[in-house]
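Below you'll find the structure, written out as C-alpha cells, and then a few comments.
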Amino acid sequence: MFKGVNLIEFSERFATDDACRKYLSEIKWENGYQCGKCGQTHYYEIKKVGSRQCVNCKYAESATARTLFHKVKFPLRKAFYIAFMVVTNKKGISSYELSRKLGLRQKTCWSFKQKVIEEMKSDGNNPLKGNIEVDEFYVGGPEAGNTGRGNKTKQQVVMAIQTDGFGIHRCYAKVIPSAHSAELQVFFDQHIDKNAKIRTDGWKGYFSLKQRYPSIEQEISAKGKAFTLMHRQIMMFKSWLRGTHHHCTYLQKYIDEFCYRFNRLKYQNTLFHRLIERMVFNQPLFYQNYQCR
Ligand SMILES: [Zn+2]
C-alpha cells in the first residue's frame with residue numbers, strides 16, 4: 001500500500017506505467033483471481049505487467065479492465081498523478097493546473113478528473129453521529145460576486161456538520177431544489193444518524209422532521225451567530241469553490257469532492273490508496289454495459 005502524501009515518494013514509486021499496472025493488479029485481485037469470462041480461479045501471468053490469463057478459456061484480462069482506468073488514452077502514471085493530486089492537495093487542483101503540470105490537454109485532464117471525483121461521492125454508509133448542526137445556504141448568483149458563465153443561477157445547498165464543541169469532525173452537503181421538508185428529509189436519511197442530537201435554525205422545513213428525528217432543537221440563528229462553526233464551514237466551502245472551480249455547473253460533484261477530503265483529514269496515510277481502491281472496484285455507470293471480450 002502506498003502511504004502518505006509525499007510527492008517525491010509518490011513519483012519514485014509510480015515512475016513507470018508498469019509500476020502503476022502492478023499496483024492496480026494487486027488491488028484488483030487481492031481477494032483472489034477469477035476469470036471475467038468463465039469464472040475459473042487459476043491463471044497464468046503473461047508478458048504484459050499486471051495482466052492475467054485464464055488457464056481454462058485463455059481469456060487475458062489487463063489490470064485496468066473493468067476499472068476506471070480502462071481505456072485511458074494517456075500514460076497511466078499521469079492518470080495516477082491526477083488521482084494523487086486531486087485527493088492529497090488540501091484544496092484539490094484545477095484541470096488547468098493539471099494540464100500545465102502534465103502536458104495534457106485541459107479537456108483530457110478535466111474529464112479524467114471528473115471520474116476521480118465521481119469516486120469521492122459518499123455511499124451514505126457512515127452517517128454523522130453525536131452533535132450535529134444543519135443549515136442551508138445558496139451558491140452562485142450575484143451574492144458570489146461572480147457574474148461569469150454558469151454562475152447565473154443560485155443553487156440551494158443543505159449542509160450538516162458533526163461537532164465536538166471545539167471543531168468540526170465531518171461534514172456532508174447536498175444540492176436541494178428547495179428547502180421543503182421532503183427534500184431535507186432525503187438528506188437527513190442519507191447522512192444523519194437517527195439518534196444524533198441535531199441543531200437547526202428556526203426554518204419551518206425542519207419542524208415536520210421532528211417525528212423521525214425527535215432530538216431536533218430549533219434555535220434562532222441570529223444571522224449565524226448561534227452557528228459559528230457551521231458558518232465557518234460554509235465560508236470555507238464557498239471560498240474553495242471560487243478558488244478552484246470558478247463556476248457551479250457540477251456543484252454536487254464539487255461538494256462531494258470537498259466533503260471527501262475534509263472527512264479524511266485525519267487519514268492522510270491511506271488517502272491515495274483508498275481512492276485507487278474505489279477506482280478499481282466501483283464500476284461507474286458508463287461501464288455497466290462493459291462485457292469481457
Ligand atoms: Zn476463463
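The values are calculated or read from the model by the stated rules, or taken from the named source; none is laboratory data. This is a predicted model, so every value here is computed, not measured. Positions of Cβ are backbone-derived with ideal geometry, glycine not excepted, and every protein chain shown enters the neighbour counts. What goes into the accessible areas is simple: the full protein's heavy atoms, side chains included, and nothing from ligands, DNA or RNA. Shrake-Rupley method; radii C 1.70, N 1.55, O 1.52, S 1.80 Å.
Taken together, Gly92, Gly36, Gly50 contain a single residue that is within 16 Å of the ligand (Cβ to nearest atom), assigned to a loop (DSSP other than H, G, I, E, B) and open to solvent by less than 60 Å² (accessible area, probe 1.4 Å), which is Gly36. Could you list, in sequence order, all residues of the range 166-178 that are surrounded by fewer than 17 Cβ atoms within 10 Å (Cβ to Cβ) and farther than 18 Å from Leu265 by Cβ? Pro177, Ser178, listed by residue number.
The test for being more than 16 Å from the ligand (Cβ to nearest atom), at pLDDT 95 or above and not aromatic (Phe, Trp, Tyr) holds for Leu76.
The residues on offer are Gln211, Gln185, and the sole one that is of a type in the set (S, T, N, Q) and out of contact with any Leu (no Cβ under 7 Å at 6 or more places or on another chain) is Gln211. Taking into account only those residues within the range 212-246 that are part of a helix (DSSP H, G or I), at pLDDT below 90 and over 26 Å from Tyr96 (Cα atoms), which is most open to solvent (accessible area, probe 1.4 Å)? Result: Lys225.
When Arg242, Arg199, Arg212, Arg261 are screened for being in contact (Cβ under 8 Å) with a residue 24 or more places away in the chain, closer than 19 Å to Gly141 by Cβ and of a type in the set (Lys, Arg), only Arg242 passes. Taken over the range 53-64, residues that are in a loop (DSSP other than H, G, I, E, B) and more than 9 Å from the ligand (Cβ to nearest atom) amount to 3. For first residues located in the range 43-58 and at negative phi and of a type in the set (D, E, K, R), partners that are in a loop (DSSP other than H, G, I, E, B) and near the ligand (Cβ under 9 Å from one of its atoms) and lie 6+ apart or on another chain with Cβ distances below 9 Å form the pairs Arg52/Cys35.
Restricted to the range 257-281, and to residues that are open to solvent by less than 40 Å² (accessible area, probe 1.4 Å) and of a type in the set (S, T, N, Q), which residue is nearest to Ser122 (Cα to Cα)? Among residues in the range 257-281 that are open to solvent by less than 40 Å² (accessible area, probe 1.4 Å) and of a type in the set (S, T, N, Q), the one nearest to Ser122 (Cα to Cα) is Asn263. Of all the listed residues (Leu102, Leu98), the sole one being away from the ligand (no atom under 16 Å from the Cβ), at pLDDT 95 or above and within 26 Å of Val175 (Cβ to Cβ) is Leu98.
Within the range 95-120, restricting attention to residues that are buried (at least 17 other Cβ atoms within 10 Å of the Cβ) and of a type in the set (Asp, Glu), the residue that is farthest from Tyr250 (Cα to Cα) is Glu119.
Applying the set (1) β-branched (Val, Ile, Thr); (2) out of contact with any strand residue (DSSP E or B) (no Cβ under 7 Å at 6 or more places or on another chain); (3) open to solvent by less than 30 Å² (accessible area, probe 1.4 Å) to Thr200 leaves exactly one unmet item: (2). Could you tell me whether the range 59-79 includes any residue that is open to solvent by 70 Å² or more (accessible area, probe 1.4 Å) and more than 20 Å from Val116 (Cα to Cα)? The answer is no, given that none of the residues of the range 59-79 is open to solvent by 70 Å² or more (accessible area, probe 1.4 Å) and more than 20 Å from Val116 (Cα to Cα).
Residues in the range 247-261 that are of a type in the set (Phe, Trp, Tyr) and either in a loop (DSSP other than H, G, I, E, B) or at positive phi (or both): 1 in all. Tyr43 meets all of the listed conditions (1) farther than 23 Å from Arg278 by Cβ; (2) among the hydroxyl-bearing types (Ser, Thr, Tyr); (3) more than 9 Å from the ligand (Cβ to nearest atom) but one, namely (3). Within the option set Phe10, Phe2, being in a loop (DSSP other than H, G, I, E, B), in contact (Cβ under 8 Å) with a residue 12 or more places away in the chain and away from the ligand (no atom under 16 Å from the Cβ) holds for one residue only, Phe2.
Output the number of residues of the range 17-33 satisfying the condition of being open to solvent by less than 40 Å² (accessible area, probe 1.4 Å), away from the ligand (no atom under 14 Å from the Cβ) and either over 25 Å from Phe112 (Cα atoms) or not aromatic (Phe, Trp, Tyr) (or both). Looking only at that region, the number is 7. Quick one: is Leu209 over 30 Å from Gln114 (Cβ atoms) and at pLDDT 90 or above? So Leu209 fits the description; yes.
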